[in-house]
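Everything on this sheet refers to the single structure shown next.
The values are calculated or read from the model by the stated rules, or taken from the named source; none is laboratory data. Keep in mind that what you see is a predicted model, and the values were worked out from it rather than measured. A quick note on method: Cβ atoms are made from the backbone with ideal geometry, for glycine too, and the neighbour counts reach across all protein chains shown. For accessibility, only protein heavy atoms count, side chains too; no ligands or nucleic acids. Shrake-Rupley method; radii C 1.70, N 1.55, O 1.52, S 1.80 Å.
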Amino acid sequence: MIATATTPDARTALLDACARALDHPGACLREWKQRHPAAHVVGYFPTYVPTELIYACGALPTGLWGGSIAVSRANAYIQQFTCSIVRSTTEYALHGAFDQLDAVLFPPICDSAKLVASIWALNFSERFMVDMVTLPERLDSDASVAYLAAELRRVGATLAQKLGVTIDDGALACAIDRCNRLRASQQAFCSRRATLEATMPLAHAAAVLKAGTLMHADDYLPLLDAFLAELTSDARSRRSKIPVVVSGLACQLPHPDFLALFDEAGFAVVGDDLLLGMCGGVAVATGGDPYLALARAFTQGPPLATRHHDTIHRHEFILDQWQRGAARGVVFLVPKFCEPEWFDLRYLKAEMEKRGIPNLVLDFDEDPTGFGPVLTRLEAFAEILM
Amino acid sequence: MSHFAGVDIGSLAIKCVIVNDAMDIVAKAVVPTGARVAQAGEAALRAALESGGVDPVSIALTIATGYGRKRVAADARVTEITCHARGAVHLFPGTRTVLDIGGQDTKAIRVGAKGEVANFAMNDKCAAGTGRFLEVMARALEVDLEDLGPLSRESTKPQTISSFCTVFGESEVVSHIADGAEIKDIARGLHAAIAQRVIGLLKRVGIEAELTMSGGVARNVGMRDAIERELGLTLNVSDESQIIGALGAALIARQRYLNTGEEPR
Ligand code: SF4
């Protein structure tokens, strides 16, 4: 129905900064540390850790994403039938790629993440502090909120002590405000996905969101907001493209060349939940106990393969995107050996099939080669939907 | 009279089929793919034209399919999934499931009555459950690939090959040879191992009769026996099984030309 336009400057500035953050994370960190010599850097494993606590320590939160590294040394620690992100991040860590970090926080999103957290704690704690933010399983009880508030207080205090700072209420309020603004802008970006599609294909849109987990919000937000302010609709249509929704786990993304195949196969991605775990979530309330507010916001966040609600269901989000984008099909992107996502997939497919929604499952790892069969699958799916 | 060409660029062979307005196959050719795919694609088309005495000017539309479809000159490109489905339903109108075991990959396809694809699954990057697996094992057994199927029919004491993986499978074959097992019995075990693998793929799309087998491996009687034994149903297999993808491409070319009135080249 609509296509979009922004001045090339806002779009280019945003994409260039994001590409640099993704392609040269080490160099970007070094530059940031030069500009902020007294500040610290805290890495975090996807999907959820309270970045507010990291900002409140005056530190830069930076996501640990792994990548297309040939895994060899990590094989001595982690079995091969484990998802690629835990293997590649560990390989990077063994090569010293994270030695600039002062601390690393892990969420217990799955057995693999718990395993890698304990391997890192055993092997790397002389280089940086390793801690686990132990999240509650049940999300619908007041006891969970109270428990998580206490856990966040503990994590904040441990981190602050390690970094030699204190977290005062003012700093935490300021950090909460910053992260609320970041989430709001990223969600505005996501909710305009269908509009965005004409000028920004999936691979670039995913890069923009991913870069938001690497860059400091104060550097990233002005670029994103400038882009959003100039994003206007025009009358050009995407008539020749096939609208689809893409759904996948929020903790691992396929290689950009893999995501670019959606364009090559003739799809317009009008909705996705690819980075919902990192960028989704409700605003944290201000005023009152900030730890309780953070805990409450976590329990109200969107359902993910790694965060199940009893009353809000993941397929409802996909269906909503499907309806709003007038999509013709759904493509599930599932990391190889990812237990939470394969567990959800069966139910998600059943929900789609119940409604007669055509769907395709593509599995992936971080290997940057051999995309020919993926393109064939996507093109065959396009031929079904034509 | 107009003609329509389908060129299926497989990893080992390029298949070309030419059909006329009435959907009859008027010419076909199979040439090795080799390293120069574009030239081999042209050679396959030339060979088909010559074999059927078809005037090149009468070719109204050419569609390329197969893994190398983007590397040859054609009016349009369609995936091998869609083309195999179309070709299989043309030869066996009752087809609801297609199994294509090719040199490098294997596909299970569920189809509707008009040959449209309803669902499909493809094997992963590795050679397990493909023609390549058989090729490697034939070499390990020191028999010609073509003899592997007939040999397996003579088996009296089938051996078990438990590994799907080509590398581990080859080690198993070697250890069976060392234990003095007969080649015919090992061959039977190999076909059973692939059958189990491809049936897993078929189950992902749902098996509905009739099941038509396409691709070069369909010519292997040992493979067909193994699948039929496992599934308890009879497969549709045509003498044209190797060219079903190219046939589907040619039929889609015809359909597109007649529906859209695209101008001849
Ligand atoms: S990709 Fe899946 S298995 Fe791997 S860390 Fe993420 S949630 Fe866990």
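Numbers below:
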{"item": "Checklist (1) open to solvent by 20 Å² or more (accessible area, probe 1.4 Å); (2) under 21 Å from A:GLN186 (Cβ atoms); (3) not in a loop (DSSP other than H, G, I, E, B) applied to A:LEU319, failing item", "result": "(2)"}
{"item": "Yes/no for A:ALA27 being away from the ligand (no atom under 15 Å from the Cβ), without any contact (Cβ under 8 Å) to a residue 60 or more places away in the chain and assigned to a helix (DSSP H, G or I)", "result": "yes"}
{"item": "Filter pass, A:VAL331 being within 12 Å of chain B (Cβ to nearest Cβ) and touching a residue at least 24 places away in the same chain (Cβ under 8 Å)", "result": "no"}
{"item": "Index of the failed condition, B:THR156 passing every other in (1) surrounded by fewer than 23 Cβ atoms within 10 Å (Cβ to Cβ); (2) within 29 Å of B:ALA246 (Cβ to Cβ)", "result": "(2)"}
{"item": "Residues of the range A:322-351 that turn out to be in a strand (DSSP E or B) and within 12 Å of A:GLY248 (Cβ to Cβ), as a count", "result": "6"}
{"item": "The lone exception for A:THR82 - which of (1) β-branched (Val, Ile, Thr); (2) crowded, with 19+ Cβ neighbours inside 10 Å; (3) away from the ligand (no atom under 16 Å from the Cβ) it fails", "result": "(3)"}
{"item": "Residue match in the range A:125-135 (condition: away from the ligand (no atom under 13 Å from the Cβ), under 30 Å from A:ILE312 (Cα atoms), open to solvent by less than 40 Å² (accessible area, probe 1.4 Å) and in contact with a His (Cβ under 9 Å, 6 or more places away or on another chain))", "result": "no"}
{"item": "For A:PHE189: the one exception among (1) without any contact (Cβ under 8 Å) to a residue 60 or more places away in the chain; (2) open to solvent by less than 30 Å² (accessible area, probe 1.4 Å); (3) more than 26 Å from A:GLU264 (Cβ to Cβ)", "result": "(3)"}
{"item": "Top-ranked residue of the range A:352-383 - restricted to ones that are more than 15 Å from A:LEU319 (Cα to Cα) and part of a loop (DSSP other than H, G, I, E, B), ranked as nearest to the other protein chains (Cβ to nearest Cβ)", "result": "A:GLY370"}
{"item": "Sole residue being at pLDDT below 95 and of a type outside the set (A, V, I, L, M), chosen from B:ARG71, B:ARG110", "result": "B:ARG71"}
{"item": "Check on B:PRO150, surrounded by fewer than 19 Cβ atoms within 10 Å (Cβ to Cβ), part of a helix (DSSP H, G or I) and more than 10 Å from chain A (Cβ to nearest Cβ)", "result": "yes"}
{"item": "Subset of the range A:85-94 [under 9 Å from A:LEU115 (Cβ atoms) and either among the acidic types (Asp, Glu) or more than 11 Å from the ligand (Cβ to nearest atom) (or both)]", "result": "none"}
{"item": "Filter result for B:ALA88 (away from every other protein chain (no Cβ under 14 Å) and hydrophobic (A, V, I, L, M, F, W, C))", "result": "yes"}
{"item": "Flag if B:ILE101 is touching a Gly at 6+ places or on another chain (Cβ under 6 Å) and over 21 Å from A:LEU385 (Cβ atoms)", "result": "yes"}
{"item": "Residue match in the range B:40-48 (condition: open to solvent by 60 Å² or more (accessible area, probe 1.4 Å) and more than 14 Å from chain A (Cβ to nearest Cβ))", "result": "yes"}
{"item": "Matching residues in the range A:104-116 - criterion: being open to solvent by 10 Å² or more (accessible area, probe 1.4 Å) and either within 9 Å of the ligand (Cβ to nearest atom) or part of a helix (DSSP H, G or I) (or both)", "result": "A:ILE109, A:CYS110, A:ASP111, A:SER112, A:LYS114, A:LEU115"}
{"item": "Any chance B:ALA64 is out of contact with any Pro (no Cβ under 6 Å at 6 or more places or on another chain), open to solvent by 10 Å² or more (accessible area, probe 1.4 Å) and not in a helix (DSSP H, G or I)", "result": "no"}
{"item": "Flag for B:ASP75 being open to solvent by 30 Å² or more (accessible area, probe 1.4 Å), farther than 13 Å from B:ALA249 by Cβ, more than 14 Å from chain A (Cβ to nearest Cβ) and in contact (Cβ under 8 Å) with a residue 40 or more places away in the chain", "result": "no"}
{"item": "When residues of the range A:30-60 are limited to those that are within 18 Å of A:ASP131 (Cβ to Cβ) and part of a helix (DSSP H, G or I), the one farthest from the ligand (Cβ to nearest atom)", "result": "A:ALA56"}
{"item": "Hits in the range B:86-137 (condition: open to solvent by 20 Å² or more (accessible area, probe 1.4 Å) and either assigned to a helix (DSSP H, G or I) or touching a His at 6+ places or on another chain (Cβ under 7 Å) (or both))", "result": "B:ARG86, B:HIS90, B:LEU91, B:ARG132, B:GLU135"}
{"item": "Test result for A:LEU348, closer than 13 Å to A:SER247 by Cα, within 12 Å of another protein chain (Cβ to nearest Cβ) and not basic (Lys, Arg)", "result": "no"}
{"item": "Unique residue being touching a strand residue (DSSP E or B) at 6+ places or on another chain (Cβ under 8 Å) and either within 15 Å of the ligand (Cβ to nearest atom) or within 14 Å of chain B (Cβ to nearest Cβ) (or both) when the list is A:GLY63, A:GLY67", "result": "A:GLY63"}
{"item": "Test: residue in the range A:145-155 that is assigned to a helix (DSSP H, G or I) and within 16 Å of the ligand (Cβ to nearest atom)", "result": "no"}
{"item": "Qualifying residue in the range A:133-144 (condition: aliphatic (A, V, I, L, M), in a helix (DSSP H, G or I) and more than 18 Å from A:GLY43 (Cα to Cα))", "result": "yes"}
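Yes or no, residue by residue, for (1) more than 16 Å from the ligand (Cβ to nearest atom); (2) closer than 30 Å to A:PRO368 by Cα:
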{"site": "A:LYS241", "(1), (2)": "yes, yes"}
{"site": "A:PRO256", "(1), (2)": "yes, yes"}
{"site": "A:GLY271", "(1), (2)": "yes, yes"}
{"site": "A:LEU274", "(1), (2)": "no, yes"}
{"site": "A:VAL282", "(1), (2)": "yes, no"}
{"site": "A:GLY287", "(1), (2)": "yes, no"}
{"site": "A:LEU292", "(1), (2)": "yes, no"}
{"site": "A:HIS308", "(1), (2)": "no, no"}
{"site": "A:ALA327", "(1), (2)": "yes, yes"}
